[in-house]
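This structure is in structure tokens; I'll ask about it shortly.
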Amino acid sequence: MAGMLGEVKLTLVQGDITEQRVDAVVNAANSSLMGGGGVDGAIHRRGGPEILEECRRLRAGHYGKGLPTGQAVATTAGRLPARWVIHTVGPVHSASQDRSDLLASCYRESLRVADTLGAASVAFPAISTGIYGWPVDDAARIAVEAVQAADTRVDEVRFVLFDAPAYAAFEARL
Ligand code: ADP
């Protein structure tokens, strides 16, 4: 499914983000940048060790304490069909605290980094909806609103949803 969201072409795909032919794929990383499960594990497995090497260099330099929640940073995409991986750290869902703005920030900051790279197409997973426990309907609303509000030069934003319920949640928001 595809449509326009303001100036940005928005595409929904059910599938694996590591297979996307786009300029940049976004990784739902954790703040250590040292890999993990879910999307993060898939990206490092498929992209190969070059990505982790660059993450280690980031940790040795500017990101000594790790990448803060809601921020984004780019590395090579190694062997992936993309040119760059943009790592962002989603918030862990909390029932007692509203962390929506941090989740929106992941989308906003990733697009800002994409602009600095000159990336025209960017693929996002449903950040925070796996291990970090965010209900997918609410995460879809936040993701779509954040992209809509973003001031970006990116032409195509592709949401890559792993399963049918996540796809349906994003479809319902468009
Ligand atoms: P988080 O820690 O931010 O919750 P996860 O990687 O655990 O991140 O999950 C985020 C979402 O990505 C979940 O909806 C999960 O089903 C989905 N996902 C897992 N693997 C892939 C993949 N290879 N491509 C796209 N989405 C994936």
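The values are calculated or read from the model by the stated rules, or taken from the named source; none is laboratory data. These numbers were taken from a predicted model, which means no experiment stands behind them. Neighbour counts are summed over all protein chains in view; Cβ atoms, including those assigned to glycine, are modelled from backbone coordinates with ideal geometry. These area figures cover heavy atoms from the full protein model, side chains too; ligands, DNA and RNA do not enter into them. Shrake-Rupley method; radii C 1.70, N 1.55, O 1.52, S 1.80 Å.
If the requirement is being within 13 Å of the ligand (Cβ to nearest atom), of a type in the set (S, T, Y) and more than 20 Å from G35 (Cβ to Cβ), which of these qualifies: Y107, Y132?
Values: Y132 fails: more than 20 Å from G35 (Cβ to Cβ).
Y107 is the lone residue from the list that is within 13 Å of the ligand (Cβ to nearest atom), of a type in the set (S, T, Y) and more than 20 Å from G35 (Cβ to Cβ).
Does R83 fit the bill of being charged (D, E, K, R) and free of Cβ contacts under 8 Å to residues at least 60 places away in the same chain? Show your work before the answer.
Values: charged (D, E, K, R): yes; free of Cβ contacts under 8 Å to residues at least 60 places away in the same chain: no.
The answer is no for R83.
Here is a further query. If you go through the stretch 135-158 one residue at a time, how many are under 21 Å from G36 (Cα atoms) and open to solvent by less than 10 Å² (accessible area, probe 1.4 Å)? Step through it out loud before you land on a result.
Going through the stretch 135-158, the residues under 21 Å from G36 (Cα atoms) turn out to be 135-136, 139.
Restricting the remaining residues to those that are open to solvent by less than 10 Å² (accessible area, probe 1.4 Å) gives 139.
Residues that pass the stated criteria total 1.
Can you tell me which residue in the stretch 53-89 is most open to solvent (accessible area, probe 1.4 Å), limited to those that are β-branched (V, I, T) and in contact with a Ser or Thr (Cβ under 7 Å, 6 or more places away or on another chain)? Spell out how you get there, then give the answer.
Of the stretch 53-89, the ones β-branched (V, I, T) are 69, 73, 75-76, 85-86, 88-89.
Okay, now just the ones that are also in contact with a Ser or Thr (Cβ under 7 Å, 6 or more places away or on another chain), so 69, 85-86, 88-89.
Values: T69: 61, V85: 0, I86: 0, T88: 0, V89: 5 Å².
Only one residue fits best here, namely T69.
Tell me yes or no: at least one residue of the stretch 95-103 is more than 29 Å from A168 (Cβ to Cβ), without any contact (Cβ under 8 Å) to a residue 60 or more places away in the chain, within 14 Å of the chain's Cα centre (by Cα) and open to solvent by less than 30 Å² (accessible area, probe 1.4 Å).
Within the stretch 95-103, the subset more than 29 Å from A168 (Cβ to Cβ) is none.
No, the stretch 95-103 contains no residue that is more than 29 Å from A168 (Cβ to Cβ), without any contact (Cβ under 8 Å) to a residue 60 or more places away in the chain, within 14 Å of the chain's Cα centre (by Cα) and open to solvent by less than 30 Å² (accessible area, probe 1.4 Å).
Quick one: in the stretch 148-174, of everything that is touching a helix residue (DSSP H, G or I) at 6+ places or on another chain (Cβ under 6 Å) and over 12 Å from A126 (Cα atoms), which residue is farthest from the ligand (Cβ to nearest atom)? Reasoning before the result, please.
Residues of the stretch 148-174 touching a helix residue (DSSP H, G or I) at 6+ places or on another chain (Cβ under 6 Å): 150, 152-154, 157, 159-161, 166, 169-170, 173.
Narrowing the set further to residues that are over 12 Å from A126 (Cα atoms) leaves 150, 152-154, 157, 173.
On the way: A150: 19, T152: 21, R153: 25, V154: 19, V157: 15, R173: 15 Å.
The residue in question is R153.
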